1. Suppose the filter is at pLDDT 95 or above, more than 16 Å from ligand 1 (Cβ to nearest atom) and hydrophobic (A, V, I, L, M, F, W, C); does ALA338 pass it?
2. Name the pairs whose Cβ atoms lie under 9 Å apart, with the first residue in region 72-86 and over 20 Å from ALA382 (Cβ atoms), the second among the aromatic types (Phe, Trp, Tyr) and more than 16 Å from ligand 1 (Cβ to nearest atom), and 6 or more positions between them or separate chains?
3. Just a yes or no: is a residue in region 35-58 within 16 Å of ligand 2 (Cβ to nearest atom) and over 19 Å from MET155 (Cα atoms)?
4. Can you confirm whether HIS343 is farther than 22 Å from GLY136 by Cα and within 16 Å of ligand 1 (Cβ to nearest atom)?
5. Across region 80-97, which residue is farthest from the chain's Cα centre (by Cα) among those that are buried (at least 24 other Cβ atoms within 10 Å of the Cβ) and more than 16 Å from ligand 1 (Cβ to nearest atom)?
6. Give the residues of region 133-156 that are within 16 Å of ligand 1 (Cβ to nearest atom) and either surrounded by fewer than 23 Cβ atoms within 10 Å (Cβ to Cβ) or farther than 16 Å from THR104 by Cβ (or both), sorted by residue number.
7. Does region 51-63 include one or more residues that are at pLDDT 95 or above and closer than 22 Å to ASN297 by Cβ?
8. Is it the case that GLU92 is more than 21 Å from TYR281 (Cβ to Cβ), free of Cβ contacts under 8 Å to residues at least 12 places away in the same chain, not in a strand (DSSP E or B) and not assigned by TED's automatic domain parsing to the domain that holds GLN201?
Amino acid sequence: MKMERNKSNIVEEIDRHKEKWTALSLKIHDHPELSFQEYQAMEWLTDTLSEEGFRVQKALIPALPTSFIAEWEGPEDGPVIGLIAEYDALAELGHACGHNIIGTSAVSAAAALKNAVPDLPGKIVVIGTPAEEEGGGKIMLAEEGWFDALDAAMMCHPRDRTMTLRGSLACVDVDLVFHGRTAHAAANPERGISALDAMIQSFVAVKQILPALHHSANIHGIITQGGEATNVIPDHCEASFLLRAKTTEELSRVKQRFYEAVGGSVQAIGASYSAEEGLTYAERINNHTLAKQFQHNLEGIGVEVDDSEIKQGIGSSDIGNVSQIVPTIHPYIKIGEAVTHTHAFTEATRSEKGMEGLNQSSKALALTAYDLFTSRELVDKAKAEWRQADSN
Ligand SMILES: [Zn+2]
Ligand SMILES: [Zn+2]
C-alpha cells in the first residue's frame, strides 16, 4: 500500500533527522526572545526552510517584522495546508510555554513531508506567527488575510497532557482614562471633579452588571493610575479591564453593557472618559474532523490521547482568530507533569521528554497533513464541519 509506505517514510524521515530538530529547538530555547523581537528564531527557522527548498517571505506586515511564510508546491494541484509556528518566549522565564518546540515541529513536519513524499499534490505552507504571548500576532495576520488561502491549519502545543480539544474564550482589553477637574481637596473641593470617584464608581457599577450577563462572561479590572497627591482632587485616572465571553458575539454584548455602566457612573460625577481597546481575541472553533485524524495519527505512533473532561474556555489565544477563518486544530502533547508558564516548564521544554514531544508532534502534524493532501474527502468533511460550527 502506497499510502502506508508514504506514512512510514514520513515517520522515518523525521527520526533520521532527530538530532537536527533537537538541536534547532534547543538553540531557540537557549536564546529566548520576547514577543515582536523573535529575530533570531525567525532567521533560524526560515534558514532551515530555505535550505529545504521552501520559498520564504519575511516580515509579512510592518507591525510584525518577525513573521514569515514559507511555501513548497507539489507537482500537482491539491489542498493548501498550513502549519503554524510560534517562537516567542516569556520575560524572566524564557521558553516556559515551549514555543521552541512549536516552531521546530512545524518546520520539521513541513520538511519531512516534502522529502518523504516529493510527489505530494498541493501546497505546504509554514506560517511564522510571532507575538503569541503578548500582542496577538495571529490576529494581525488574520486581519491582513494571511490565513485566507489555507484549507486547514494546524499547530501542536506542549503541555502536561496530550489532548486534541480545548475551548478558549473571546476577549478584549479595554484601557480607560477618566477625566475630571483638579482642585484643592480641602480648600475648594466644590471646584473639582474627581476622576478617581468616577473610576471607583465605574468599578462598582461594572461588578454589579456581571450577574446579569451570560455565565461565561467575565470582567476583570485593575487601577493603573489613581491620582498623584492626597490633597489634590485628581483630574486624571486610569484603569485597565479584560472582558471575556464565550463568543465574539456575546463579547460585543458584554462590551456594550460595560460601556453603559462606565458611562452612567462617569456622568453621575460630571466627569468624562475615553477608552482604548486592544485586539479582539476570538473564541476557538475546534475542528473535530481534524482532531480525530490527529488523534488517529498520534495513536499510530504510540501516543495516548486523554480527551476526558475537555476544559472549556479558560484562557484565550490568538489561534481562535485563525479558527474563525479556516478549519483549525491546536492539539497538545504531554512533555511531563509541569504546567506552562513556570520555571519547571522551561526545564521541560529542553528536557529529553520535551524533545520526545517535539518528535511526536512533528510526526502527528506531518501525518495529518499527509492525510489531508491525499484525501479531498477529508478536507471537504473538515470544511463542512467548520461551516456548520461557524454558523451556530
Ligand atoms: Zn504561553
Ligand atoms: Zn504557548
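1. Taking the combined requirement at face value, the residue does not satisfy it.
2. TRP72/PHE54; ALA85/PHE68
3. yes
4. yes
5. For region 80-97, the residue satisfying everything is ILE81.
6. GLU133, GLU134, GLY135, GLY136, GLY137, LYS138, ILE139
7. yes
8. yes
The values are calculated or read from the model by the stated rules, or taken from the named source; none is laboratory data. What you see is a predicted model; the values in this text were computed from it and never measured. Ideal geometry is used to build each Cβ from the backbone, glycine not excepted, and the neighbour counts take in all protein chains shown.
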